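These notes concern the structure reproduced below.
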Amino acid sequence: MDPIKPEIKKKESSPLVSIITPTYNHEKFIGTCIKTVLNQSYSNWEMIIIDDGSTDRTGDIVAEFKDDRIKYVKQENVGIWNLYKTYNKALDLSNGELIAILEGDDAWPSYKLEEQVKFFDNNNVIFSWGKKHTINDKNELISFDRESFEKILNTPQAELTRRLITANFIQPCTVMMDKQVLLSIGGFLQNKETPYVDYPTFLELSLKGRFYPSDRVLGYWRKHKAQVTTKQENDMNRAFMFPVEFYEKLDSSLKKSIKFNMEDKLKSQKIILNDQIAVSGRLSLVKGDWKKASTHFKSIFFESSLKIKIQSFIGIICALCKTDMEWFAVITCKPKIRDDSGEWNTTLFDQNGNLTNIFKIQIFIMNISRLIRKKPLQRFKSFERDNMYIKGEIN
């Protein structure tokens, strides 16, 4: 692919990074979010917090942090369907050469900025992202990205664009991007059918220069309640077409290099939807709604992957036996639905913050595979350290 490249000036040796933090009613999480920015080993940053009309104590908590690098602006609520306005307000206020995203309920490891800034010494790099850890409402680590990013390190940009059209695999809290290039596409973009800005913006940027992945964890993404409403399912279905429309508007030479396959997109969408339905089934079991749970699992049993088929079969049996299936999450080391609130519990750590024996066995098996492939091993202590860090027990 031969992308259109805006003029990119050479970066300063320690460029200012502008951190864009949209927030709304995040009184439980905004303190943790800010602390992980203050903990950064790289100090040349500014944090621009745009509060979309919070009605809780979000603003009061932000005010407790006395650091001139933190800027707080409260606006009248515009909502998620006008999220691009919130992001672009922060962009307009920013002074940095580089832009990073950190929503008010997410967090960062302390090395995030220092690790990522150096990638932009290469003038061809306009965008970087990395792995994520997933956390719950208690600041506990509940899952992690298992696949190495090494295999996509030298992937041609056209292939990355094709994959991105097929599915958004980039977590915003791990992202850093060149501000000049972002401005060249009109800032943060939002399709009228989508309640988010990341996917449309990342797609457009993928045509402008090199995306560089890091194999390190560069963000902690917070997983909220296990609740998928009919409206959310409809939103997902409506949003399905906008990446396809993005591709169809490209000129013929770009299409030829990207080689997008609609079947891949349909398959990806089906996987996402089936996963959401399976979670709805699990939540129905926890709530004791056996009939509804059975209906959810039966609806995806015959048209899904082997993983979902197994989960669906167990779900149907559990519905017949009138019991939940969260024991299955425990033995597979997946996030466990806590109760009918839909919040998540970790299965990776016990109540004392130590790795569970089942998770240790899983890491051991993973490391055998890594050893065979001559890849770096996963260390028990690194998971425990990350869990302690995000809980605020260590810096």
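Checked against the criterion of being touching a residue at least 24 places away in the same chain (Cβ under 8 Å) and surrounded by 18 or more Cβ atoms within 10 Å (Cβ to Cβ), the candidates Asp324, Asp340 yield just one match: Asp324.
Hey, among Gly79, Gly96, which residue is surrounded by fewer than 20 Cβ atoms within 10 Å (Cβ to Cβ), more than 21 Å from Lys138 (Cα to Cα) and touching a residue at least 60 places away in the same chain (Cβ under 8 Å)? Working first, answer last.
Numbers: Gly79 fails: touching a residue at least 60 places away in the same chain (Cβ under 8 Å).
From the options Gly79, Gly96, the qualifying one is Gly96.
Quick one: in the range 55-85, of everything that is in contact with a helix residue (DSSP H, G or I) (Cβ under 9 Å, 6 or more places away or on another chain) and of a type in the set (Asp, Glu), which residue is nearest to Val17 (Cα to Cα)? Per the stated criteria, the residue is Asp67.
On the stretch given as the range 65-76, residues that are assigned to a loop (DSSP other than H, G, I, E, B) and touching a residue at least 12 places away in the same chain (Cβ under 8 Å) total 5. So which of Asn136, Asn154, Asn123 is in the same structural domain as Asp215 (by TED's automatic domain parsing), over 27 Å from Lys179 (Cβ atoms) and out of contact with any helix residue (DSSP H, G or I) (no Cβ under 7 Å at 6 or more places or on another chain)? Asn136 is the lone residue from the list that is in the same structural domain as Asp215 (by TED's automatic domain parsing), over 27 Å from Lys179 (Cβ atoms) and out of contact with any helix residue (DSSP H, G or I) (no Cβ under 7 Å at 6 or more places or on another chain).
Rundown of residues vs (1) of a type in the set (Gly, Ala, Ser); (2) under 29 Å from Glu140 (Cα atoms), yes/no style:
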| site | (1), (2) |
| --- | --- |
| Ala293 | yes, yes |
| Lys307 | no, yes |
| Ser312 | yes, yes |
| Val330 | no, yes |
| Arg338 | no, yes |
| Asn352 | no, yes |
| Ile368 | no, yes |
| Ile372 | no, no |
| Leu377 | no, yes |
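Can you confirm whether the range 365-382 contains a residue that is outside any loop (DSSP other than H, G, I, E, B) and crowded, with 20+ Cβ neighbours inside 10 Å? Scanning the range 365-382 turns up no residue that is outside any loop (DSSP other than H, G, I, E, B) and crowded, with 20+ Cβ neighbours inside 10 Å. Could you please let me know if Phe240 is buried (at least 18 other Cβ atoms within 10 Å of the Cβ), out of contact with any Pro (no Cβ under 6 Å at 6 or more places or on another chain) and among the aromatic types (Phe, Trp, Tyr)? It is false that Phe240 is buried (at least 18 other Cβ atoms within 10 Å of the Cβ), out of contact with any Pro (no Cβ under 6 Å at 6 or more places or on another chain) and among the aromatic types (Phe, Trp, Tyr).
Checking the conditions here, which among Asn367, Asn387, Asn357 is of a type outside the set (A, V, I, L, M) and in contact with a strand residue (DSSP E or B) (Cβ under 6 Å, 6 or more places away or on another chain)? Result of the check over Asn367, Asn387, Asn357: Asn387.
Give the residue, chosen from Ile50, Ile34, that is in a helix (DSSP H, G or I), in contact with a strand residue (DSSP E or B) (Cβ under 8 Å, 6 or more places away or on another chain) and not charged (D, E, K, R). Unique residue meeting the criteria: Ile34. Any residue at all in the range 191-201 that is in the same structural domain as Ile101 (by TED's automatic domain parsing) and within 25 Å of Ser110 (Cβ to Cβ)? So far as the range 191-201 goes, yes, one or more of its residues are in the same structural domain as Ile101 (by TED's automatic domain parsing) and within 25 Å of Ser110 (Cβ to Cβ).
The values are calculated or read from the model by the stated rules, or taken from the named source; none is laboratory data. Predicted model only: the values in this text are computed from it and were never measured. Glycine gets a Cβ as well: all are built from the backbone with ideal geometry, and neighbour counts include every protein chain shown.
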